[in-house]
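Each remark here refers to the structure printed beneath this line.
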C-alpha cells in the first residue's frame, strides 16, 4: 500500500487520535486518510509517534523500582484492562528513566523504594478513558475512585482529557515503599483518586501523611522532575525530550526491543 507523505500522515494521526480536537489545518480532502493507510504508516515507522527507539523498559533502567501497573489490571477507575497495555511493564524515555534512576538511588539510601503505577501511556489508552467517561452509566468503580463526584463532571473538572502528558513518554505516576515496614508509605490517599484530597498540598490528612508526600516531591524535584498541583503521585521530567509528541505504540517489551 502506498504510504502518504509525512505531513499528510501526521495530520491524519492527529485527527484519528484527538477525538474531534482541531489540528492540522489541512482541507478535508487531504485529511480524509483511510484508517488502514495510517495503520500501515505506523507499522512501517513513517510516523514519529510510532517510534519507540528512545524508550527503555523501566524494570531494566531502574531495577530497584517495584511495578504495579494499574492499567494492565482491572483495578483502576475504569474497571477494565486499558487499551494499549499489553504487558505489566513500564516504559519511559531514556532521559526520564536515567533521572528516575537517580531518584531511586537517593531513596534507596534512605530506606525506600519507588513503586510505579504508570509511566508512558499510549494515545489509544487515553482514548479509552474518553470513551469510558462518555458512558455516564458505567460507574462500576465509582465507590473506589470518585465517590464524591458525578461522572458527568469529569471532563469539565479536568480529570479526563483527550490528550495526556503521559503519552509524551517522560511522565511517571508513583509512590514510596518503606523497606523497614515492607509496605507502601501512607500518603493519605490512593492513586487515581478524583478529588481535592489528591492535591499535594491538601492538609486534611495527618502531618505524617503530608510529610510523606513532601518527601516524594522533594526527591523527585531534586532529580529533575516537576510536579502538578492536583496529583501527589504525578511527575514529569522538566526537560522532557518530546514535549510536543504524543506516542502511539503499545506498552509491551517488544515495543522497545525492535
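Quick one: would you say residue 121 is within 29 Å of residue 215 (Cα to Cα) and within 15 Å of the chain's Cα centre (by Cα)? Considered against the rule, which asks whether it is within 29 Å of residue 215 (Cα to Cα) and within 15 Å of the chain's Cα centre (by Cα), residue 121 comes out as yes. Search region 93-109 for residues that are not assigned by TED's automatic domain parsing to the domain that holds residue 219 and pair each with any residue that is buried (at least 16 other Cβ atoms within 10 Å of the Cβ) when their beta-carbon atoms are under 6 Å apart and the residues are at least 6 apart or on different chains. That search, which allows pairs on different chains as well, returns nothing. A Cβ distance below 6 Å, combined with a sequence gap of six or more or placement on separate chains, defines the contacts here; from region 35-62, residues that are outside the structural domain of residue 112 (by TED's automatic domain parsing) and farther than 16 Å from residue 172 by Cα reach residues that are surrounded by fewer than 14 Cβ atoms within 10 Å (Cβ to Cβ) and modelled with pLDDT under 95 in the pairs 40/1. Go through the residues of region 167-184 one by one and say whether even a single one is buried (at least 21 other Cβ atoms within 10 Å of the Cβ) and in a helix (DSSP H, G or I). Looking through region 167-184, at least one residue is buried (at least 21 other Cβ atoms within 10 Å of the Cβ) and in a helix (DSSP H, G or I).
For region 146-166, the set of residues classified as buried (at least 16 other Cβ atoms within 10 Å of the Cβ) and farther than 24 Å from residue 92 by Cβ consists of 146, 151, 154, listed by residue number.
Restricting attention to region 202-258, the residues that are under 24 Å from residue 110 (Cα atoms) and assigned to a helix (DSSP H, G or I) add up to 16. Within region 139-159, identify whether any single residue is within 14 Å of the chain's Cα centre (by Cα) and assigned by TED's automatic domain parsing to the domain that holds residue 197, and answer yes or no. Yes: region 139-159 contains one or more residues that are within 14 Å of the chain's Cα centre (by Cα) and assigned by TED's automatic domain parsing to the domain that holds residue 197. Screening residue 13 on (1) at pLDDT 75 or above; (2) under 19 Å from residue 120 (Cβ atoms) shows it passes everything except condition (1).
How many residues are outside any loop (DSSP other than H, G, I, E, B) and either over 12 Å from residue 195 (Cα atoms) or touching a residue at least 12 places away in the same chain (Cβ under 8 Å) (or both) when one looks only at region 146-162? Outline the logic, then answer.
To start, the set of residues in region 146-162 that are outside any loop (DSSP other than H, G, I, E, B) comprises 151-153.
Among the residues that remain, those that are also either over 12 Å from residue 195 (Cα atoms) or touching a residue at least 12 places away in the same chain (Cβ under 8 Å) (or both) are: 151-152.
Qualifying residue count for the region: 2.
When residue 258 is tested against (1) modelled with pLDDT under 95; (2) closer than 22 Å to residue 68 by Cβ, only condition (2) is not met.
The values are calculated or read from the model by the stated rules, or taken from the named source; none is laboratory data. These figures come from a predicted structure and were not determined experimentally. All Cβ positions, glycine included, derive from the backbone under ideal geometry; neighbour counts span all protein chains shown.
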